[in-house]
């Protein structure tokens with residue numbers, strides 16, 4: 001049996017690519033407007049984000065991949081015939097999927113006609129309906145969650161975390177498929193069990209800013225058991241972090257070490273029945289990428305898990321203050337009905353600086369401690385701190401920006417403006 005060829009996308013514009021001929025030549029879809037760049041094909045599994053659209057109506061936020069009949073259309077013109085192959089795997093947005101589930105295929109056609117601006121053209125509507133019917137009449141049961149859609153961010157509060165965790169665990173145990181990296185049943189069951197055991201961490205906005213900033217300068221990190229704030233956990237930042245727009249991460253203990261998973265939110269911009277269906281069937285989080293790590297595993301500084309590692313390290317040092325959030329009454333009642341203890345949600349904030357040592361007396365990297373006649377800014381940076389038996393091991397510790405030099409000395413002039421806060425400046429602050 002020949003292995004199925006993996007879908008490819010353009011690394012430059014993140015759009016799925018079509019194929020021509022054998023061996024295949026990869027081309028941008030005909031209807032896609034580009035800047036004229038050549039396709040740079042990479043497997044979809046190597047990308048966090050792919051600019052797919054719903055194959056039924058063109059919605060920019062497809063949710064499911066459906067399998068159905070092989071569909072091709074032939075356009076006849078003066079230059080001859082042009083065959084466009086639509087394939088047997090179609091992306092469906094949540095609205096179209098809801099109509100399909102309800103048997104309202106005519107409403108799916110309505111969405112397509114409206115999106116294409118075809119108005120009341122009965123012939124165009126008939127052609128679209130024929131294409132849809134050719135696919136749906138041979139549809140194969142089941143569906144696969146599309147995890148590469150760049151949904152608008154959805155805010156998750158500390159009070160939301162228990163139901164977010166429970167819905168995610170239920171999805172892992174459910175019948176809907178996931179892409180190849182998380183398709184294995186055993187891995188899904190292990191992650192679901194880990195979520196059941198997990199401690200819940202919600203990272204407030206200031207600490208999120210600090211973690212994102214620290215992650216940009218993170219050195220290579222060696223994974224160890226005492227690096228993590230709990231054996232199993234689910235951690236949610238107050239907003240998406242880094243250019244990858246990661247909103248949450250989980251870690252699950254298994255016999256080979258730990259399974260790390262990054263998540264993005266999904267469902268932003270939906271309402272009504274489609275949103276209700278999505279929350280019921282999937283929840284709030286979609287896995288973006290996953291990695292199996294083990295004790296003493298070294299992760300490079302630019303790894304997708306950098307934001308999680310930076311947050312762990314900051315929690316582990318004196319930068320973190322952890323308090324417990326009040327759990328929603330409805331959640332407490334739900335847990336009580338199933339004889340489960342009320343979950344604890346830990347809110348992570350920046351600890352107030354109670355140090356009595358003036359910041360001006362700290363040594364900058366490479367500073368000999370010699371007498372100075374002015375003060376200057378030392379940027380935030382990571383420093384390897386000794387720890388463990390005989391203090392023979394090293395762990396990165398983040399040092400916030402500070403002023404170096406005598407308290408009564410003038411500050412060296414600079415065109416750089418620094419704010420003594422982890423919060424990033426707003427646009428009006430930069431003017």
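Below is a table of values for the structure above.
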item: Number of the condition not met by residue 172 [criteria: (1) over 28 Å from residue 301 (Cβ atoms); (2) in contact with a helix residue (DSSP H, G or I) (Cβ under 7 Å, 6 or more places away or on another chain); (3) surrounded by fewer than 17 Cβ atoms within 10 Å (Cβ to Cβ)]; result: (3)
item: Sole residue being surrounded by 14 or more Cβ atoms within 10 Å (Cβ to Cβ), outside the structural domain of residue 246 (by TED's automatic domain parsing) and at pLDDT below 90, chosen from 381, 303; result: 381
item: Count of region 277-300 residues which are closer than 17 Å to residue 235 by Cα and part of a strand (DSSP E or B); result: 7
item: Options 235, 210, 200, 266: the member that is surrounded by 22 or more Cβ atoms within 10 Å (Cβ to Cβ), within 15 Å of residue 307 (Cα to Cα) and modelled with pLDDT of 90 or more; result: 235
item: Boolean, residue 215 is surrounded by fewer than 22 Cβ atoms within 10 Å (Cβ to Cβ), over 14 Å from the mean Cα position of the chain (by Cα) and at pLDDT below 95; result: no
item: Wholly within region 152-223, helices (runs of 4 or more DSSP H) carrying at least 2 residues that are under 24 Å from residue 342 (Cβ atoms) and free of Cβ contacts under 8 Å to residues at least 60 places away in the same chain; result: 161-173, 185-197
item: Number of positions in region 316-333 that are touching a residue at least 24 places away in the same chain (Cβ under 8 Å), farther than 30 Å from residue 382 by Cα and surrounded by fewer than 16 Cβ atoms within 10 Å (Cβ to Cβ); result: 1
item: Hey, residue 186 surrounded by fewer than 19 Cβ atoms within 10 Å (Cβ to Cβ) and within 20 Å of residue 100 (Cβ to Cβ) or not; result: no
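Here is a yes/no grid of residues against (1) touching a helix residue (DSSP H, G or I) at 6+ places or on another chain (Cβ under 8 Å); (2) under 23 Å from residue 27 (Cα atoms); (3) modelled with pLDDT of 85 or more; (4) assigned by TED's automatic domain parsing to the domain that holds residue 265:
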{"position": "59", "(1), (2), (3), (4)": "yes, yes, yes, no"}
{"position": "71", "(1), (2), (3), (4)": "yes, yes, no, no"}
{"position": "80", "(1), (2), (3), (4)": "no, yes, no, no"}
{"position": "92", "(1), (2), (3), (4)": "yes, yes, yes, no"}
{"position": "98", "(1), (2), (3), (4)": "yes, no, yes, no"}
{"position": "131", "(1), (2), (3), (4)": "no, yes, yes, no"}
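The values are calculated or read from the model by the stated rules, or taken from the named source; none is laboratory data. Quantities reported herein were computed from a predicted structural model and do not represent experimental measurements. Note that each Cβ is placed from the backbone with ideal geometry, even for glycine, and that neighbours are counted across all protein chains shown.
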